[in-house]
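Working notes, structure below.
Just so it is clear, none of the values below were taken in a lab; they were calculated from the coordinates. Since this is a predicted model, take the numbers as computed values, not measurements. Note that we place each Cβ from the backbone using ideal geometry, even for glycine, and neighbour counts take in every protein chain shown.
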Amino acid sequence: MTNLSAQLRDKLGRNFCIKSLFVCKRLESAADNTVKYLYGLDDGNHIESVLMEYSYGNTLCVSTQVGCRMGCRFCASTIAGFRRSLLPSEILLQLYEAERNSGRKVSGVVLMGIGEPLDNFDNVVDFLKILSCPEGANMSLRHVSLSTCGIVPMIYRLGELDLGLTLSVSLHASDNESRSAIMPINEKYPIEQLMKACRDYFSVTGRRISFEYALIDGHNDSRGDAKKLAQLLDGFNCHVNIIPINKIKERNYTSDRKAANRFRQYLEDLGVNATVRRTLGADIDAACGQLRREYEI
């Protein structure tokens, strides 16, 4: 930028940087046009994002950290270990690069990729502000969903900001013993504290919460489990999103769509609003964390 003085260029170089990422690997599903990206960062680390096509537009699942320290036992993202949190620009670049590479316009974003968004709170909030800014991506945050394993103090902070996004809480069990067995975060913030934070979030924002429920054969998939979940959510304006567990080689957890539909019926019979998450990119293992893990081994 030779139109700027050498003194100013030197000052800019000492105080600012322009971040970049590049596509290391790109997988596209032959079944549903889902595209999975493995991105390389300028420090040698890798992250993933997944571009999903729906009838109403394209949604991008973005990563917020390099790895994850939450330790959920069924998740591939945590197995490779935690390296660092992403900067706002590194989260935003996933959207810009996906649009450039695919030629598709992204109309929605889910923060459900590698990492725990609320463990990177300040950078994620800055990203959301840039994403929704008219001079930025100008995306309404009503088209954004943020998924958390349940860091209770950060749920309260997020509620105070009242950003208008959808909060998706990874519940995955309806009692402390079952949840702690697969989600270490429950030892610090048990279900009672988590549910109170969720109810307070709804009372402040008026936004319905989505509870994610990864179904695991023999662990949380019985009619009794459905009954306990219905009791836990009684009177709560919410939605349950049932997810057939993604198979990863380091764990022996399994489930399938038939079991997920059966569990959904259990919940609906008990008056709970529930759906089974549509499976996208099954032929390319589109669940986040798997591609990074294989690439870095």
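Observations on the structure shown:
- Remark: Ser55 falls outside the filter, which requires a residue to be of a type in the set (Gly, Ala, Ser), more than 21 Å from Tyr253 (Cβ to Cβ) and in contact (Cβ under 8 Å) with a residue 40 or more places away in the chain.
- Yes/no for Met112 being among the aliphatic types (A, V, I, L, M) and over 18 Å from Cys149 (Cβ atoms): no
- Checklist (1) out of contact with any Asp or Glu (no Cβ under 7 Å at 6 or more places or on another chain); (2) farther than 29 Å from Asn138 by Cβ; (3) not small (Gly, Ala, Ser) applied to Arg26, failing item: (2)
- Considering segment 84-118, the residues that are assigned to a loop (DSSP other than H, G, I, E, B) and of a type in the set (A, V, I, L, M, F, W, C) include one that is nearest to Leu141 (Cα to Cα), namely Met112.
- In segment 256-279, residue surrounded by the fewest Cβ atoms within 10 Å (Cβ to Cβ) [restricted to those that are part of a loop (DSSP other than H, G, I, E, B) and of a type outside the set (Gly, Ala, Ser)]: Arg278
- Residue satisfying condition, being surrounded by fewer than 21 Cβ atoms within 10 Å (Cβ to Cβ) and under 20 Å from Ala214 (Cα atoms), within set Arg73, Arg84: Arg73
- In this entry, Gly81 passes the filter for residues that are over 14 Å from the mean Cα position of the chain (by Cα), without any contact (Cβ under 8 Å) to a residue 60 or more places away in the chain and either more than 20 Å from Val23 (Cα to Cα) or assigned to a helix (DSSP H, G or I) (or both).
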